Amino acid sequence: MKFLAISGSARKDSTNTAMLRALQSSTKLQHKIEVFDCIASLPVFSPNLEGDSLPTSVYAFAKRIKASDGLIIASPEYVRSIPGGLKNAIDWLVSRDEIIGKPIVLMHASHRGDDMLEQLRLVLETVSERFNKDIFLKFDLMKKSPQEIFKYLEIDKNQQLINNFVSEFTQYCQR
C-alpha cells in the first residue's frame, strides 16, 4: 500500500512530522509512506485560483493525494483548534475529487488537543465518507526532539502499536 502522511505543522522541527517520519521508517519494508511536510508552501485558499489558475504547489499536493491508497494525518493544536495551514490545505481539496472516498485516519503526538481532534474529525467526515475515526494512534511526544521521538517509537511496545495501526488501516483501505 502507498500512504501519504500529512503533517499539519509548519514548524521545522515539528513533533508531528518527526512522528510521521518515524512511522515511515518503521514500516518501509511493508508499505510505502510518503511524508508531506510542506503545508506552509500552499498559498491561502481562494476559489478564484481553482481550475486553470490552480497554483503549482496545490496541484502537486492534490496529485500526491490521488496517487495514495490512504491518508494519515497528524497535527498539532493551536489555541484548541486546527492549525490554519492544515485547514487551508483541506480547503483546497473541498471542490476537487482527490479526497472524496479517500481512506483517512489520524495520529496524534500529544496528551492534549482533544478540541482540535474533534474539529478535525468533523471536517474530515465532511470531505470524505471514508474517514475512519476509530483507527487512531496517539503518543505523548511533546517536548521530545526528533531524535528522541525516533528512539521512543523504536521501543518494541510502540513498534507493535504502530504495526497494529498500519495493519488495521491497510485492511480498511482494502475494503
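Glu125 meets all of the listed conditions (1) without any contact (Cβ under 8 Å) to a residue 24 or more places away in the chain; (2) touching a strand residue (DSSP E or B) at 6+ places or on another chain (Cβ under 7 Å); (3) of a type outside the set (Lys, Arg); (4) not in a helix (DSSP H, G or I) but one, namely (4). Restricting attention to the stretch 128-151 and to residues that are touching a Phe, Trp or Tyr at 6+ places or on another chain (Cβ under 7 Å) and part of a strand (DSSP E or B), the residue that is surrounded by the fewest Cβ atoms within 10 Å (Cβ to Cβ) turns out to be Asn132. Within the stretch 97-114, residues that are in contact (Cβ under 8 Å) with a residue 60 or more places away in the chain and more than 12 Å from Asp69 (Cα to Cα) sit with their Cβ atoms under 7 Å from residues that are assigned to a helix (DSSP H, G or I) and among the hydroxyl-bearing types (Ser, Thr, Tyr), at 6+ positions apart or across chains, in these pairs: Ala109/Thr15.
Within the stretch 26-53, the residues that satisfy the criterion of being in contact (Cβ under 8 Å) with a residue 60 or more places away in the chain and surrounded by 13 or more Cβ atoms within 10 Å (Cβ to Cβ) are Ser26, Thr27, His31.
Determine whether Ser110 is assigned to a loop (DSSP other than H, G, I, E, B), among the hydroxyl-bearing types (Ser, Thr, Tyr) and either at pLDDT 95 or above or surrounded by 19 or more Cβ atoms within 10 Å (Cβ to Cβ) (or both). Judged against the criteria, Ser110 is a match.
Checked against (1) in contact (Cβ under 8 Å) with a residue 60 or more places away in the chain; (2) surrounded by fewer than 16 Cβ atoms within 10 Å (Cβ to Cβ), Ala60 passes all but condition (1).
Counting only residues that are in contact with a Ser or Thr (Cβ under 7 Å, 6 or more places away or on another chain) and more than 21 Å from Leu20 (Cα to Cα), the stretch 93-114 holds 2 of them. Kindly check whether there is at least one residue in the stretch 94-107 that is aliphatic (A, V, I, L, M), surrounded by 13 or more Cβ atoms within 10 Å (Cβ to Cβ) and assigned to a helix (DSSP H, G or I). Taking every residue of the stretch 94-107 in turn, none turns out to be aliphatic (A, V, I, L, M), surrounded by 13 or more Cβ atoms within 10 Å (Cβ to Cβ) and assigned to a helix (DSSP H, G or I).
Apart from one condition, Ser9 fits all of (1) surrounded by fewer than 16 Cβ atoms within 10 Å (Cβ to Cβ); (2) part of a loop (DSSP other than H, G, I, E, B); (3) in contact with a Leu (Cβ under 9 Å, 6 or more places away or on another chain); the exception is (1). Just a yes or no: is a residue in the stretch 81-92 of a type in the set (Ser, Thr, Tyr) and under 24 Å from Pro146 (Cα atoms)? Among the residues of the stretch 81-92, at least one is of a type in the set (Ser, Thr, Tyr) and under 24 Å from Pro146 (Cα atoms), which makes the answer yes. So in the stretch 27-52, with the set limited to residues that are modelled with pLDDT of 95 or more and of a type in the set (Gly, Ala, Ser), which one is nearest to Gly101 (Cα to Cα)? This residue is Ser46.
When Leu120, Leu106, Leu153 are screened for being within 23 Å of Ser46 (Cα to Cα) and not acidic (Asp, Glu), only Leu120 passes.
The values are calculated or read from the model by the stated rules, or taken from the named source; none is laboratory data. As the structure is a computational prediction, the values presented were derived from the model and not from experiment. Positions of Cβ are generated from backbone atoms using ideal geometry, with glycine treated the same way; all protein chains shown enter the neighbour counts.
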